[in-house]
1. Name the pairs whose Cβ atoms lie under 9 Å apart, with the first residue in region 101-119 and farther than 19 Å from Ile607 by Cα, the second open to solvent by 40 Å² or more (accessible area, probe 1.4 Å) and of a type in the set (Gly, Ala, Ser), and 6 or more positions between them or separate chains?
2. For region 475-493, give me each residue that is in contact with a strand residue (DSSP E or B) (Cβ under 8 Å, 6 or more places away or on another chain) and either part of a loop (DSSP other than H, G, I, E, B) or open to solvent by less than 50 Å² (accessible area, probe 1.4 Å) (or both).
3. Is region 428-449 home to any residue that is within 15 Å of Ile557 (Cβ to Cβ) and assigned to a loop (DSSP other than H, G, I, E, B)?
4. For the subset of region 303-336 comprising residues that are touching a residue at least 60 places away in the same chain (Cβ under 8 Å) and polar (S, T, N, Q), which member is nearest to Ala407 (Cα to Cα)?
5. Would you confirm whether any residue within region 387-401 is touching a strand residue (DSSP E or B) at 6+ places or on another chain (Cβ under 9 Å), acidic (Asp, Glu), in contact (Cβ under 8 Å) with a residue 40 or more places away in the chain and on the phi > 0 side of the Ramachandran plot?
6. What number of residues within region 79-105 are open to solvent by 40 Å² or more (accessible area, probe 1.4 Å), over 14 Å from Leu115 (Cβ atoms) and either in a helix (DSSP H, G or I) or aromatic (Phe, Trp, Tyr) (or both)?
7. For region 366-381, enumerate the residues that are among the small types (Gly, Ala, Ser) and surrounded by fewer than 18 Cβ atoms within 10 Å (Cβ to Cβ).
8. Whether any residue in region 411-429 is surrounded by fewer than 15 Cβ atoms within 10 Å (Cβ to Cβ), more than 21 Å from the chain's Cα centre (by Cα) and under 18 Å from Ser547 (Cα atoms) is what I want to check.
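The values are calculated or read from the model by the stated rules, or taken from the named source; none is laboratory data. It should be emphasised that the depicted structure is a prediction, and the values quoted were computed from it without experimental measurement. Virtual Cβ from ideal backbone geometry, glycine too; neighbours counted across all protein chains shown. Side chains are part of the model used for accessible areas, which takes the heavy atoms of the whole protein and leaves out ligands, DNA and RNA. Shrake-Rupley method; radii C 1.70, N 1.55, O 1.52, S 1.80 Å.
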Amino acid sequence: MAMEESNITTYMEVEAENSDSEKDQNWDDWENGDEEDDAMNSKLLCLFCDSTYTSSNVLLEHCASAHQFNFNTLRTTLALDFYGCFKLINYVRSKVAENNCWNCGIVCRSKEDLLNHLHEVASFDNGKLPWNDDEFLKPFLNEDALLYSFDDDDEGEDDVDNMPIDKVELLKDIEQISIDEADLTLETEENKPIASSLSGGKSASMIDTTLNNGFVAAEAGVSSYRNLDYLDSSLCIAKVAANKIKDVNKNYFGGYSSYGIHRDMISDKVRTDAYRKAIMENPSLLKGAVVMDVGCGTGILSLFAAQAGASRVIAVEASEKMATVAAEIAKDNNLLWIGSKNEASDQHNGVMEVVQGMIEELKSTQKVQPHSVDVLVSEWMGYCLLYESMLSSVLYARDQFLKPGGAILPDTATMFAAGFGRGGTSIPFWENVYGFNMSRIGKEIVKDASRIPIVDVIDSCDVITNSTVLQNFDLVTMKLEEMDFTAMVELELKGEISANGSTGSEPTTNWCYGVVVWFDMGFTGRFCKENPTTLSTSPHTPSTHWSQTILTFSEPIAMVSPGTLNIDKMAAVGTDACPAVKIQCRISVVRAAQHRSIDISMELTGIGPFGRKRNWPAQMFNLL
């Protein structure tokens, strides 16, 4: 964040301090510009289905995974130039429009049959490519944005100066850089520094911002700009981005000033007991240790650490109000450190000190020496694990302050996914409201839920498939970019599940309405040698304030156990006539352009009893 002076405050004695008010920012011009930019950006339509994307890379990756059409492999193998690729795209679109397989030429009865038919690429003779005809130089679709974007990644360096700045994409990358105020400043009357320590815990003394396809990448040195006009442009955008991130952080930490939120978290017995057990019941780890608590809130974890015998506890809290409260609580319990041990005569002088400010700002104050912490503890998790989480701050604290071989609590995180049935939706409730059928409302809610993730508790009896690992994180070794990931999971009915969720003896068609996601946190034996423990947010365990995250399918998919007879081999997979025996889910989770938010995409493939496949259009969810 752009800071002219440090906002770090150490509470050795509790005092009330008035923070300087910040000037309001006028965002009208920026927001209007965004609206104009959005209007100019065309959606990129998939070559085979109705899915749309804003990035050609993402679209082509979808075509490869969902439709077995690997554009880049074809391009390389057949040595296609720009016009060859241009013709290929138009050729494929023309064939798909006629329900013809672009690959083998087979004519399918419907588009659905075509999507199920698509297969690996056959061998082509370079001299007889079916799209090697000038008729395919004419766009098959009017205003086909893909024709003008598939070649973006291959633009030469000479074209850099002519590329426009994509503000949305720039915002994503600007979070990964910081610009040292001593080196890069805007030439204004006051010549004030524009940005410092933006976010993500990264800092650099000199930054060279190189524009490539509208993205900004950080490199060493500032003298190699090809076009210095871009310097002012990108730095102005950097300033706006920094201020937006600052506002998001201010609102985020300000929200945690509510005592109700802290009561909910402390009252979450699963959460608090897991941390207490890990801290209090592992004396070999905590006794005499220097502990850092990132995002301490009321200070409950820091109090546990002090009680467990830590020699020093550094409680870091960004909210000024909660930092003051945490210090007062520590003092009320005779655990607050009120001076150096040499100066203190009070036998009750404690070991806990509260530092107000963001962890990314702590290094510059030199209040904590680099790599001096034995144990790093934090309750950083958000909904769906990564939404509004403080993981980036925890990783920054790990890299800056943790000793080599130091401990992190918790040290692992695992995300899980499973399919849920009709009982996991609101449909049953609306079917009988005091004897009246209001199912229309339930169906509308389910339709809306296919675009927006729902945070709610799923009853374990409504989970109808196996539970499978979506992603593992090792907090000791993971890097910040690993927060963005793509994973494939395969779902099958667990045993023979009847329509109401109970185990039955007869095979029954069940409808899977979506995927439920949850996470487990591990306090493993790597550090908790006496008493390792797990914090689970699973629907099969007592509920927590995180609940689960529900991703609803655009349409329910019929499922049945393998080996079931009386299947219509010609019917579409996933229907009542031909239920799927497996559902393959390709789920991607990435940090969104809006700071602290995440975007989730989900692509589904149903596999029938005889191996036939059916793909559904990709779904996008934004957790804001």
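1. Final answer for the pair search is Asn103/Ala122; Cys104/Ala122.
2. First pass over region 475-493, keeping only residues in contact with a strand residue (DSSP E or B) (Cβ under 8 Å, 6 or more places away or on another chain): 475-476, 482-493.
Scanning region 475-493 gives Leu475, Val476, Met483, Asp484, Phe485, Ala487, Val489, Leu491, Glu492, Leu493.
3. no
4. Ser319
5. yes
6. Summing the residues that are open to solvent by 40 Å² or more (accessible area, probe 1.4 Å), over 14 Å from Leu115 (Cβ atoms) and either in a helix (DSSP H, G or I) or aromatic (Phe, Trp, Tyr) (or both) in region 79-105 gives 2.
7. Ser372, the sole residue that qualifies.
8. To start, the set of residues in region 411-429 that are surrounded by fewer than 15 Cβ atoms within 10 Å (Cβ to Cβ) comprises 428-429.
Then keep just the ones that are more than 21 Å from the chain's Cα centre (by Cα); that gives 428-429.
The next check asks that each one be under 18 Å from Ser547 (Cα atoms); those that pass are none.
Looking through region 411-429, none of the residues is surrounded by fewer than 15 Cβ atoms within 10 Å (Cβ to Cβ), more than 21 Å from the chain's Cα centre (by Cα) and under 18 Å from Ser547 (Cα atoms).
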